[in-house]
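Note sheet for the following structure.
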Amino acid sequence: MRAIITVIGMDKKGIIAKVSNILAESDVNILDISQTILDEYFTMIMLVDLENINSTLEELKEKLIQSGKSLGVSIKLQHEDIFKSMHRI
Amino acid sequence: MINPYEIMETIRMLEEEKLDIRTITMGISLRDCADSDGDKARKNIYDKICKYAGQLVKVAEEIELKYDIPIINKRISLTPMAMVAEASDDDNFVKFAETMDRAAESVGVDFIGGFSALVHKGYTSGDRRLIKSLPEALATTKRVCSSVNVATTKAGINMDAVADMGRIIKKIAEYTADNDGIGCSKLVVFANVPEDNPFMAGAFHGIGEGECVINVGISGPGAVKSALKRVKGRPFDEVAESIKKTAFKITRMGQLVAKEASEMLGVSFGIIDLSLAPTPAVGDSVARILEEMGLERCGTHGTTAALALLNDAVKKGGVMASSHVGGLSGAFIPVSEDAGMIEAVEKGALSLEKLEAMTCVCSVGLDMIAVPGKTSAETISAIIADEMAIGMINNKTTAVRIIPAPGKDLGEEVVFGGLFGRAPIMKVNPFSSTEFIARGGRIPAPLNSLRN
């Protein structure tokens, strides 16, 4: 499955490094990545492929959420279909 | 990649505007569970519910994890129990309600609907036994919800049933007097009841439905209110457009979840119910949407027009987003479950009469209304009769869920907590309707042409 990871919060050093580390450890491939300031927030959006993930989805989400907490940002992982279905006909 | 603005919009709707899937409701037919031996019938019912719904909560949780969408309630609706239990020799159907309660507990759902009867034209023996059992059934069970359909546009209004329901509601309130008459919040009296509604307390699995279906109720008053904030002061054309677009997006999310749930459970997809269902939480109020349109308080002059626009625009936006739309689909206006409604009643802006007018243009009716405990059974019946007449004449669903709060009067409130919220006691007309209700019989079905 392909999913979107969003990181929202204050910009600081090491966010991308930390998130991509967790993904590499879990055998999750990053397909695309973009970073921008939206509505005054630092926003990083990643498209990832979870095909070969070596843990459960729940474990990966938990790791991301925990690292988000330590970085002071909010991290979410959602199947890409939710965005496609809401905005595309 | 998907446009970042679209991604952020979805996240904002979920995080800040409290968008959620309000309920995944599994409808299960119990038509093959009837037996002349009540114990056997109840075993059949219990086993069937556990067989079909055993994975419901687990599947809902997996979908929540996958999409990060909160799915607030997982529920079950059943074939109207009066039809299933009728074959048994039992004089009282309380044990059937207890079986429903046990099955709901065992599969982990918070409510189970379908302790119901359809009596718009008359009673069968099962209907009579079920209605007689209601006070005890709703007092002794926690999860069981009940509904009684007493009117349709095609059959007219069964005024004997209306009279009975007034007395039964009073009795349910007495049986649950320790808790402000909470039993009444689990009973809905309907006109033109939909057979695929996923929302409680009025959900049941209609007789035209298949063996087992998944119906999904969406919500999102907060998202609609935020969308309206962005068109402040603009003409109504833009208001309607803005509601339609939001309803479309919300419904698409519901459709995705419904499709996924039905595939994972191996059960067919029934309908999406496009309702704006408020909760007592701040930011989850239908009243606030109406106020956002420019009304100082919900209930003031203009409220009916605002609600008419809202209700219609929600349907227009949602219909294209889903392959099958059904249920109640529209805006709900329960008083106790909507912080803005509660405040409007407390400030004297919203009266029972205005609520009745509002029900002419929205999807349900007088919902979660608390009235003084001393209100007579006949007055409650008359309130029901008025509401049923609105549904019958206008070819729409209307409903009454009313709580005559034992020992309480104007200036006090009932507090149920959780999703049921709290409700200030509302004033009822003090003049009697006793002789009117005492007549009984049926109000004939209305003419559907020469409409003026």
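The values are calculated or read from the model by the stated rules, or taken from the named source; none is laboratory data. Bear in mind that the values here come from a model prediction, so they are computed numbers and not experimental data. Backbone-built Cβ (ideal geometry, glycine too); neighbour counts: all protein chains shown.
Summary table
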read-out	value
Residue in the range A:41-86 that is nearest to the other protein chains (Cβ to nearest Cβ), counting only those that are of a type in the set (Gly, Ala, Ser) and either in contact (Cβ under 8 Å) with a residue 40 or more places away in the chain or farther than 14 Å from B:ILE7 by Cα (or both)	A:SER74
Output for the range B:156-181, where each listed residue is more than 12 Å from B:MET388 (Cα to Cα) and small (Gly, Ala, Ser)	B:ALA163, B:GLY166, B:ALA173, B:ALA177, B:GLY181
Residues of the range B:306-330 that turn out to be part of a helix (DSSP H, G or I) and in contact (Cβ under 8 Å) with a residue 24 or more places away in the chain, as a count	13
Options A:LYS12, A:LYS69; residue that is exposed (fewer than 12 other Cβ atoms within 10 Å of the Cβ), assigned to a loop (DSSP other than H, G, I, E, B) and more than 10 Å from the chain's Cα centre (by Cα)	A:LYS12
Where a residue in the range B:57-68 is within 13 Å of chain A (Cβ to nearest Cβ) and part of a helix (DSSP H, G or I) and its partner, wherever it lies, is of a type in the set (Asp, Glu) and surrounded by fewer than 16 Cβ atoms within 10 Å (Cβ to Cβ), with Cβ under 7 Å and at least six apart	B:LEU65/A:GLU58
Strands (runs of 3 or more DSSP E) completely within the range B:393-452 that count 2 or more residues being at pLDDT below 95 and under 25 Å from the mean Cα position of the chain (by Cα)	B:413-417, B:421-424
Selection within the range B:50-65 - buried (at least 20 other Cβ atoms within 10 Å of the Cβ) and touching a strand residue (DSSP E or B) at 6+ places or on another chain (Cβ under 6 Å)	B:TYR52, B:ALA53, B:LEU56, B:ALA60
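Quick grid of which residues meet (1) among the charged types (D, E, K, R); (2) touching a strand residue (DSSP E or B) at 6+ places or on another chain (Cβ under 6 Å); (3) farther than 21 Å from B:LEU78 by Cβ:
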residue	(1), (2), (3)
B:VAL119	no, yes, no
B:GLY122	no, no, yes
B:ARG129	yes, no, no
B:ALA139	no, no, no
B:ALA151	no, yes, yes
B:ASN158	no, yes, yes
B:ALA177	no, no, yes
B:GLY181	no, yes, yes
B:GLU195	yes, no, no
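Residues are listed down the side, and each one gets a yes or a no for (1) over 24 Å from the mean Cα position of the chain (by Cα); (2) within 24 Å of B:GLY254 (Cα to Cα); (3) modelled with pLDDT under 95; (4) in a helix (DSSP H, G or I):
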| position | (1), (2), (3), (4) |
| --- | --- |
| B:LYS40 | yes, no, no, yes |
| B:LYS43 | yes, no, no, yes |
| B:ILE72 | no, yes, yes, no |
| B:ALA82 | no, no, no, yes |
